[in-house]
Amino acid sequence: MKTIQTQVLIVGAGPVGLTAAMDLASRGIDVVVAEIRRAGEPPNVKCNHVSARSMEVFRRLGVVGQVREGGLPADFPNDCAYRTAVVGRELTRIPIPSRNDRYTATGGPDTDWPTPEPPHRINQIYLEPILFACAQARREIRILNRVQVDHFEQHDHGVIARARDLDADQDITISADYLIGCDGGRSAIRKLIGSRLSGTDVVQRVQSTYIHAPALKDLITQKPAWMTMSLNPRRCGTTVSIDGRDNWLIHNHLAAEEVEFDSVDRDWALRTILGVDDRFQYDIISKEDWIGRRLVADRFRDRRAFICGDAAHLWIPYAGYGMNAGIADAVDLCWMLAGVINGWAHPALLDAYEAERQPITEQVSHFAMNHALAVMSQRRSVPAEVEIDGPVGDAARSKVGKAAYDLNVQQYCCAGLNFGYYYDESPAIAYDGETPPPYGMGHFTASTVPSARAPHVWLPDGRSLLDALGPAYTLVRFDRTVDAAPLVDAAARQGVPLTLVDVDRGKAGYGFAESLLVVRPDSHVAWRGMAAPPAPGALFDRLRGVPEQHGATRRDEALLL
């Protein structure tokens, strides 16, 4: 039997697993990734959007350039268009800059993002190979393709996984300090840790068809769009341009009473969504029938084993935040794991992962489901007049278009989901009694309240404040007259890596009220103050996960303020 030793075993080499591997590798952790597919075997055509928050992660990992260069042609509009059919009349359009204009565009709903890295439209079939190549190039990462992990055991000091090399027909034992399951919605790791999904089993049924149709682009008389929603009284659907040329992904959104996938003729629905007749030629590349759900796992961890991404939560992909939430899971977990493995964090810090991510994914799942239900209601109410000529048709199209724009601009320009969320019950944050500002899918207010994301500001040297953050904790000082030595010395005594960054408050472009911020590696504020706290050692005990003693509560902050 072949035996492999590593510090962290990751099961699944999708975008979440590969991001977790690169994040750990960036912190000096050795990683083995086990993936059942062959190297280079493409994933299903699904996720089409990388959020700004995920692009910030790729920026920190040094791969954002490769990701930004992938996907649609550089000049292809990333707009979301609403039409009676793909080749029909246009009702409205949500303008989204092309890759060429992504950093410089102003004035639209998807510009002026408060980040150094705006979002990017790229299908997973292009994204995943980029991440795979970047991960494979790192010496700390070993990727095992065609290897299936079907069982593992835990002990006090690690996990022992039983795997199978499917091509060599050989058993493999993989010993690791920790295991992360990033193995998708049917996760074996989730089942092995005794975790169960719960929520709403069926939100909507969808027929998806990936086609090769070179003639389609020539039939579209309007400006091209990355995504086109067809709204008519006969069959509504969504069409995504995958390569900006010949390949398209079409989602046929079944009505509530269409409970069987084969109750709707796929070819008829596809042609109705596109607005073409029987003479139109296309080839099916692949097809999939799937159910949009709202499910969150009841536990994200069992001792040394964790789950991230679709293994931990599944929801209907509105706002494009399924994969991106999984990347956020990985980033939240991996800096904590690295701190424990590298010896500066207490093992109890890992309790913060589930305490932080489970409530947030539960909340996001409701955002997605509620928006899906609103969109489904809108589809059911499209009047027949949208397809007729004359003033009556014009009025109907104007009304439907305005309603579609107002409802959907928040999901395609979802600043709130990117930057507004915070962790309000974490054992690893020094709260001070103030709650971060409320947020929605499309709106948020930047804040320095502990647990919120640190605001992005441009520094005089051209970097973002987020670029200046260190690999572990960062002490941001806005007033050089404030003595940072107590915090720096306390961190050094406890072995906590701490980067000191001085920022000119007057040039920061944001009204930082405090003089000091301690920011976590995932960009969330861990503590703030006007001066070092009376007991800085107690602060770092909190931040590195040392369990509280003598009946202290999470919000007992007397020594931390």
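The values are calculated or read from the model by the stated rules, or taken from the named source; none is laboratory data. Since the model is a prediction, treat every value here as computed from it, not as a measurement. Here the Cβ is made from the backbone with ideal geometry for all residues, glycine too, and neighbour counts use every protein chain on show. Ligands, DNA and RNA are stripped out before the accessible areas are found, and what is left, the full protein with its side chains, is counted by its heavy atoms. Shrake-Rupley method; radii C 1.70, N 1.55, O 1.52, S 1.80 Å.
The mean of 1/r over all distinct Cα pairs in the chain, once inverted, gives the Kirkwood hydrodynamic radius of 24.9 Å. The DSSP beta bridges internal to segment 414-539 are antiparallel in roughly 65% of cases. Beta bridges per DSSP, both residues in the chain: antiparallel share near 70 percent. Annotation: for a label point projected 7 angstrom from Cα along Cα→Cβ of residue 279, residues of segment 216-238 with backbone N closer than 18 Å are 216-221. Partners of residue 402 within straight-line reach, counting lysines whose Cα lies under 20 Å from its Cα and excluding those fewer than 8 residues away in the same chain: 223.
Have a look at the DSSP beta bridges in segment 475-548 and tell me what percent are antiparallel, nearest 5. If I count the DSSP bridges inside segment 475-548, around 70 percent turn out antiparallel. Backbone N atoms of segment 83-105 closer than 16 Å to the 7 Å Cα→Cβ label point of residue 467 belong to residues 103-104. Here the Karplus relation 6.51 cos²θ - 1.76 cosθ + 1.60, evaluated at θ = phi - 60°, turns the backbone of segment 40-49 into coupling constants of x, 5, x, x, 5, 7, 9, 4, 10, 8 Hz, with x for every Gly and Pro.
Here r is the Cβ-Cβ distance between residue 384 and residue 106 and R0 is 51 Å; the resulting FRET efficiency, rounded to 0.05, is 0.85. Taking Cβ atoms as reference points and 15 Å as the exclusive limit, the residues near residue 52 contribute a net charge of +2, counting Lys and Arg as +1 and Asp and Glu as -1. Sequence-ordered 3J(HN,Hα) estimates for segment 418-426 from the Karplus curve with 6.51, -1.76 and 1.60 and θ = phi - 60° stand at 6, 10, x, 6, 8, 9, 9, 9, 8 Hz, glycine and proline given as x. At an R0 of 41 angstrom, the distance between the Cβ atoms of residue 286 and residue 1 translates into a FRET efficiency of 0.65. Here the gap between residue 150 and residue 394, fully extended at 0.36 nm per residue and compared with their Cα-Cα distance, gives a gain of 82.0 nm. Taking amide H atoms as placed 1.01 Å from N in the peptide plane, the amide H of residue 316 lies under 5 Å from those of 293, each 5 or more residues away in sequence or on another chain. The label-point distance for residue 198 and residue 260, in a model that sets each label 7 Å from Cα toward Cβ, rounds to 3.3 nm. Summarising the label geometry, the points placed 7 Å from Cα in the beta-carbon direction at residue 507 and residue 160 lie 5.9 nm from one another.
Looking at segment 201-282, the trypsin sites (Lys or Arg not before Pro) that sit in a DSSP loop and have at most 16 other Cβ atoms within 10 Å of their own Cβ are 234, 245, 279. Put simply, the amide H of residue 414, placed in the peptide plane, has no neighbours under 5 Å, leaving out anything fewer than 5 places away on its chain. Here r is the Cβ-Cβ distance between residue 342 and residue 407 and R0 is 51 Å; the resulting FRET efficiency, rounded to 0.05, is 0.65. A straight Cα-to-Cα reach below 13 Å connects residue 217 with the aspartates and glutamates 243, 246, residues fewer than 8 places away in its own chain not being considered. Spin-label model, residue 44/residue 489: points 7 Å from Cα along the beta carbon direction are separated by 5.8 nm. The accessible surface of the chain, taken with every protein chain in place and a 1.4 Å probe, is 50 percent carbon and sulfur.
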